[in-house]
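Structure first, then comments.
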Amino acid sequence: MEPIIVYIIVAAVSLLAGALVTSTILRKAVERKSEIVLNEAKEKAEVLKKEKILQAKEKFLQLKSEHEKVINQQNNTIQVSENKLNQRETNLSQKYEDLRRKQNEINTIKTNLINQLEIIEKKQLDLEKSHSKQVEQLEKISGLSADDAKEQLMETLKDEAKSDAMIHIKEIIDETKISADTESKKIVIETIQRTAAENAIENSVSVFNIEDDEIKGRIIGREGRNIRAMESLTGIEIIIDDSPEAIILSGFDPVRREIARLSLHKLVTDGRIHPARIEEVVAKTRKQVEQEIIDIGKRTTIDLGIHNMHHELVRMVGRMKYRSSYGQNLLQHSREVANLCATMAAELGLNPKIAKRAGLLHDIGKVPDNEPELPHAIFGMKLAEKFKEKPEVCNAIGSHHDEIEMTTLISPIVQVCDAISGARPGARREVVEAYIQRLNKLEEIALSYPGVVKTYAIQAGRELRVIVGADKVSDTDANKISLDLSKKIQDEMTYPGQIKITVIRETRAINYAK
């Protein structure tokens, strides 16, 4: 058993010695590898350090170059400014020298004039002395004083001059009457002939054409909600009957009819017709029509060659397209008056541009945003004064219906041309104007009540729709407004048949899902 123990001991010692050797070798290998990794890390760090230094140098050079470029630009700008200042200084110095030279010349001329005046005064004294001597000699010869002789001579000359003047004045008056009558007729006739215009009567109805009668049902909507929304938003009565491929838009206000017509066109083209969509389209169309009014005003002033007009007056000129005066389109009438005024002023030797400007603006008081209580001529004159128009134009506007005194020659020309335009056969119709005034009066009466938001006179004035705010007017108040309105209309207005007053009160709850 002893040899086995010896072998085991030897084997154990050998394993232990081998483990120690292996451990030593591994430790040295790890130390060598660590040293290699550390050296590689040092080399990489050195390389990164050099790269960062190079990048920093390049950035510094770049910034330095940009800074030098900016400084050079500033130096160039300063140099240019200095050159300009030097040039101005040189010019000023030259001008100063010229002024000083001219001042010396003026002083020399002034001295010469003074000397000449002294010589003339001496000669004048000599002449007065000689004239006095001659007068004394004549007085001795004639036996009359100089004043008496002068008075007798003047009386004789006065009598002869009066007689000759009366004869000439009578001849001039007779010739002027004949020539003025003939010439005025000639000017008026030539003016009318040179300015021809169409005579179109404004209607209170527009026709909206459709391709398919099935669209009528979609426009009416379920239980008529679409057509009610359209009428309440536009104030226009929409008549849908058996007329093939046509819808009638009835209303006295051409602007509202145009908004309703364009809105219907957009809705039918788009295909989505419901109250919310109708409200959105009507709001957009109203803005579009307002922009179109401004464009019409600008085109009108450009066509007539009128410049530097205030933008608010230009907008009012555009609004004339949607207004009528006794059935005559107001914009067409104003353009015609402007051309007539320019022609007549040119024939009379006056300024045609001012006359044309006054003719275009003479009825500007008929298209205000808020109806004034003043006559349209006076209100138009105040608008023109507010927007810095010339006094001649303002006076022509205010006096074309004799509300104020005419102070310029342009004023009677505008008055005459306004009468010429309105007197064309078929140009005006009194019935339409009275009808529109009646509808405007209906809406004004309803708007005078508190809580009323909008009013629309529809069905040719047989129905008045009044929209009130739900937060300001209760149901009981709405009934009271309807009753009071009916009594007030009966007392203050004259109208055929009967008028239906409808007060609409609605509550809207709106939220947005985001």
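The values are calculated or read from the model by the stated rules, or taken from the named source; none is laboratory data. It should be emphasised that the depicted structure is a prediction, and the values quoted were computed from it without experimental measurement. For neighbour counting, all protein chains shown are included, and Cβ atoms are generated from backbone atoms with ideal geometry for every residue, glycine included. Note: accessible area is taken over every heavy atom of the protein model, side chains too, but ligands, DNA and RNA are not part of it. Shrake-Rupley method; radii C 1.70, N 1.55, O 1.52, S 1.80 Å.
At a threshold of 8 angstrom on Cα-Cα distance, excluding pairs fewer than six apart, so keeping six or more, what relative contact order does region 318-414 reach in percent? Let's see the in-between values first.
Numbers: 152 pairs, mean separation 22.2, N = 97.
About 23 percent, as a whole number.
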Could you tell me the accessible area of Glu46 in Å² (1.4 Å probe, neighbours in place), rounded to the nearest ten? 90 Å²
Rounded, prolate or oblate: which one fits region 211-274, using the alpha carbon gyration tensor with axes a ≥ b ≥ c (rounded when a/c is under 1.5, else prolate when a/b beats b/c, else oblate)? rounded
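With +1 on each Lys and Arg Cβ and -1 on each Asp and Glu Cβ, and nothing else charged, work out how big the dipole of region 352-415 is about its Cα centre, in Debye to the nearest 20. Mind showing how you got there, number by number?
On the way: 8 positive and 10 negative charges, 87 e Å.
So the magnitude is around 420 debye.
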Accessible area in square angstrom per residue, region 1-79, 1.4 angstrom probe: 94 Å²
Region 221-319, accessible surface, carbon-and-sulfur percent (1.4 angstrom probe): 49 percent
Under 20 Å from Lys472, Cα to Cα: lysines that are on another chain or at least 8 residues apart: Lys454, Lys480
For Val453, distant residues with modelled amide H under 5 Å away: Ile467, Val468, Gly469
Whole-number accessible area per residue in Å² for region 247-335, which is evaluated in the context of all protein chains at 1.4 Å: 42 Å²
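Considering only protein heavy atoms and a probe of 1.4 Å, how much of the accessible area of region 81-134 is carbon and sulfur, as a whole percent? Please list the in-between numbers first.
On the way: 2890 of 5290 Å².
About 55 percent, which is the carbon plus sulfur part of the accessible surface.
Please calculate how many Å² of accessible area region 357-409 carries per residue, with a 1.4 Å probe and no DNA, RNA or ligand atoms counted. Don't jump to the answer; show the numbers that get you there.
Values: 2620 Å² over 53 residues.
Result: 49 Å² of accessible area for each residue.
Per residue, what volume in Å³ does the Cα convex hull of region 282-387 take up? Numbers along the way, then the final one.
Numbers: hull volume 11.8 nm³, N = 106.
In region 282-387, the Cα convex hull volume per residue is 111 Å³.
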From the square roots a ≥ b ≥ c of the eigenvalues of the alpha-carbon gyration tensor of region 1-57, which class results: rounded (a/c under 1.5), prolate (a/b over b/c), or oblate? prolate
Dipole size in debye (nearest 20) for region 31-92 around its Cα centre, Lys and Arg Cβ +1, Asp and Glu Cβ -1? 80 debye
Which net charge results for the neighbourhood of Arg357, defined as the other residues with beta-carbon distances under 10 angstrom from its beta-carbon, given Lys and Arg at +1 and Asp and Glu at -1? +1
